4 protein chains.
Amino acid sequence: MAEPFIYRRIVDFAETDMAGIAHFSNYFRWMEAAESALLREVGVPLTASDGVTDYGWPRVRASCSYHEPVRYSDELEVQLHLKTIKVKALEYVAKFYVGQGDERRHVATGKMTSVYVCKPTAGGPMQSLALTPAMLERLAPLAEEVLT
Amino acid sequence: MAEPFIYRRIVDFAETDMAGIAHFSNYFRWMEAAESALLREVGVPLTASDGVTDYGWPRVRASCSYHEPVRYSDELEVQLHLKTIKVKALEYVAKFYVGQGDERRHVATGKMTSVYVCKPTAGGPMQSLALTPAMLERLAPLAEEVLT
Amino acid sequence: MAEPFIYRRIVDFAETDMAGIAHFSNYFRWMEAAESALLREVGVPLTASDGVTDYGWPRVRASCSYHEPVRYSDELEVQLHLKTIKVKALEYVAKFYVGQGDERRHVATGKMTSVYVCKPTAGGPMQSLALTPAMLERLAPLAEEVLT
Amino acid sequence: MAEPFIYRRIVDFAETDMAGIAHFSNYFRWMEAAESALLREVGVPLTASDGVTDYGWPRVRASCSYHEPVRYSDELEVQLHLKTIKVKALEYVAKFYVGQGDERRHVATGKMTSVYVCKPTAGGPMQSLALTPAMLERLAPLAEEVLT
């Protein structure tokens with residue numbers, strides 16, 4: 001089974017809410033930041049344009065289950081699993097952890113499906129697109145399953 | 001079947017991303033803003049404190065499926081359905097629409113489960129709590145199902 | 001003296017922080033939302049593209065003084081003054097109020113300068129641009145000063 | 001003259017807007033994240049509570065001048081200067097840089113004044129407070145000026 005990609009960040013004060021914990025919408029931003037870091041590492045751009053066509057990875061589905069709160073200044077670790085490579089999409093599972101050693105806790109679990117799309121740079125509708133061979137080659141070693 | 005609660009807002013420029021569409025994390029904030037408006041209307045506070053104990057509604061699960069993009073300045077309508085009242089939790093389904101008349105499109109569908117909790121004002125762990133009779137009385141007319 | 005443009009919104013739960021008040025970065029988003037509403041009302045687009053060139057209004061300066069905190073669920077009123085129309089820029093002053101009647105309080109004052117720019121749709125550097133005669137005609141009645 | 005405190009982060013996709021650049025409100029969040037990191041390093045908490053009284057550092061003024069846009073994935077460096085320690089407040093100047101070597105550019109300059117305050121944990125108005133001797137001792141070596 002493929003190793004997860006590890007992404008770390010410190011929880012910002014601006015990410016908390018008046019309940020004293022990180023707002024639940026931030027986990028989706030953190031999942032995306034982890035995806036960005038993964039794609040950057042393997043050399044697949046999250047966004048690209050040749051001036052005629054723009055390419056990107058919009059989300060078609062995202063979910064998160066919250067087990068325990070995360071707080072200001074927590075050192076957050078996101079373990080991002082590339083579960084499945086589909087013809088036109090990537091399916092991720094993100095496990096969120098905080099704390100070190102005995103204090104380490106699995107605080108949330110997210111899922112996200114990103115679809116590869118293009119659209120005219122000058123404007124117009126998005127269209128889904130098959131991943132390129134270069135993308136497949138770079139992403140397959142990280143994936144648990146390749147359905148293409 | 002109970003009528004959904006209607007919440008409207010205009011998509012802000014700050015809510016867009018470089019793909020030219022509203023960022024997917026915002027739908028969770030919009031779902032929560034719709035929940036806030038619903039609770040405000042029926043007189044159930046989203047957050048309360050008597051100086052000894054704080055009460056709130058953290059999310060334990062949230063998800064969204066994105067059908068079509070939403071753009072800057074779109075007039076967004078959230079139809080919030082209170083699907084189920086449980087002993088300690090509320091389950092919502094949110095349907096997102098943009099456009100008027102023939103242009104009207106169902107652009108996304110979200111789900112969210114909020115749990116009623118308390119914690120000591122002076123700090124300490126959160127604990128889930130049964131909804132009060134007053135809450136049940138105010139929320140039941142909006143719910144499709146009451147499992148208490 | 002020109003009347004300010006009035007923009008209202010309810011403070012979201014997601015806009016609060018663990019200090020129990022709205023995070024100070026939100027006032028800049030609110031100022032921009034008020035600017036968007038003003039420009040929409042007079043028919044000057046905040047963003048436009050003809051497929052070859054993109055037009056926009058990036059900020060070159062923004063500031064805010066915070067007099068009193070703003071809280072979840074507060075009904076916020078932004079009084080946006082278009083202070084000065086310059087050849088290539090608009091200078092705004094925003095006064096933030098919450099509360100009604102005797103409870104009404106002036107909680108913050110912001111300033112913002114937006115510059116009119118264009119850039120190639122296919123990518124490339126931004127360049128500042130003189131406001132068009134149509135823009136001047138639409139904006140001048142709202143401005144306290146026109147320096148063009 | 002005291003050395004600035006260095007804080008680095010990568011610009012997130014979620015921090016961009018439809019103009020293709022980082023939204024101007026994020027610089028205020030980045031300035032605060034740099035302040036958090038500085039205070040963490042010297043051992044002054046950004047937020048604290050003894051269960052009776054809460055302590056914090058709300059902003060009373062913040063401003064930013066934007067020289068050049070910042071983009072998705074840019075490696076941002078914030079040079080945070082603690083300009084002045086006042087009896088009850090800290091004044092910062094933040095210089096934002098992106099790029100390495102010959103490509104390095106000074107993209108923005110921000111200012112921020114944070115006031116030391118307390119309020120009853122059980123709720124009530126905030127009150128400004130003199131910095132403690134322990135805070136002064138920890139912060140003075142970083143400050144360009146101490147006016148206490």
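Observations on the structure shown:
- Cross-link reach is defined here as a Cα-Cα straight distance under 18 Å, omitting same-chain residues fewer than 8 places apart; for A:Lys111 the aspartates and glutamates meeting it are A:Glu3, A:Glu32, A:Glu35, A:Glu68, A:Glu77, A:Glu91, A:Glu144, A:Glu145.
- Between the amide H of D:Asp54 and those of D:Lys119, D:Thr121, distances stay under 5 Å, these residues lying 5 or more places away or on another chain, with hydrogens modeled in the peptide plane.
- Applying the criteria of a DSSP loop state and at most 16 other Cβ atoms within 10 Å to the trypsin sites (Lys or Arg not before Pro) of segment C:100-141 yields C:Arg104.
- Spin-label zone in segment D:51-95 - amide nitrogen under 15 Å from a point set 7 Å from the Cα of D:Arg8 along the C-beta vector: D:73-80
- Two-site FRET efficiency, A:Val87 against D:Glu103, from Cβ-Cβ distance with R₀ of 41 Å, rounded to 0.05: 0.60
- Taken along the Cα-to-beta-carbon direction at a fixed 7 Å, the label points for D:Ala122 and A:Ala130 span 6.9 nm.
- Rounded to the nearest Hz, the phi-derived 3J(HN,Hα) couplings of segment A:49-55 under the Karplus curve 6.51 cos²θ - 1.76 cosθ + 1.60 (θ = phi - 60°) are 8, 9, x, 10, 10, 9, 10, where x marks glycine and proline.
- Dipole of segment A:5-147, positive end: most advanced residue of A:Ala34, A:Ser73, A:Ala19 [Cβ charges, Cα centre]: A:Ala34
- Listed residue pairs exceeding 25 Å between alpha carbons, taken from A:Lys88/C:Lys119; A:Lys88/A:Lys119; A:Lys95/D:Lys95; B:Lys88/B:Lys119; D:Lys95/D:Lys119: A:Lys88/C:Lys119; A:Lys95/D:Lys95; D:Lys95/D:Lys119
- Over all distinct Cα-Cα pairs of the protein assembly as shown, the Kirkwood formula returns a hydrodynamic radius of 25.3 Å.
- Karplus (6.51, -1.76, 1.60) ³J(HN,Hα), θ = phi - 60°, over segment C:81-88, in Hz, Gly and Pro reported as x: 9, 7, 5, 9, 9, 9, 4, 10
- Between 0 and 90 degrees, the angle of helix D:26-42 with respect to the longest Cα principal axis of chain D falls at about 50 degrees.
- Segment A:41-84 residues near the modelled D:Arg40 label - backbone nitrogen below 18 Å, point 7 Å along Cα→Cβ: A:69-79
- GNM on chain C, alpha-carbon springs under 10 angstrom: the most fluctuating residue among C:Gln127, C:Gln100, C:Gln79 is C:Gln100.
- Long-range amide H partners of B:Val107 with built H, under 5 Å: B:Phe96, B:Tyr97, B:Val98
- Take every Cα pair under 8 Å whose residues are at least 6 apart in sequence, average their separation, divide by the length of chain B, and the relative contact order is 29 percent.
- Of interest is the spacing of the C-alpha centroids, which for segment D:1-71 and segment B:73-142 amounts to 32 Å.
- Considering only B:Ala134, B:Ala122, B:Ala108, the Gaussian network model of chain B with Cα springs below 10 Å gives its largest mean-square fluctuation to B:Ala122.
- For chain D, the C-alpha radius of gyration sits at 1.13 times the compact-globule guess of 2.2 N^0.38 Å, with N the residue count.
- 5 angstrom amide H check on A:Arg71, placed H, neighbours 5+ away: A:Ala22
- In order through segment B:108-125: 3J(HN,Hα) via Karplus (6.51 cos²θ - 1.76 cosθ + 1.60), integer Hz, x for Gly, Pro: 6, 9, x, 9, 7, 10, 10, 10, 7, 9, 10, 8, x, 4, 6, x, x, x
- Listed residues C:Gly123, C:Gly99, C:Gly56, most fluctuating in chain C (Gaussian network, C-alpha, under 10 Å): C:Gly123
Bear in mind that the values in this text are calculations on the coordinates, not laboratory data. None of the values given here were measured: they were computed from a predicted structure. Virtual Cβ from ideal backbone geometry, glycine too; neighbours counted across all protein chains shown.
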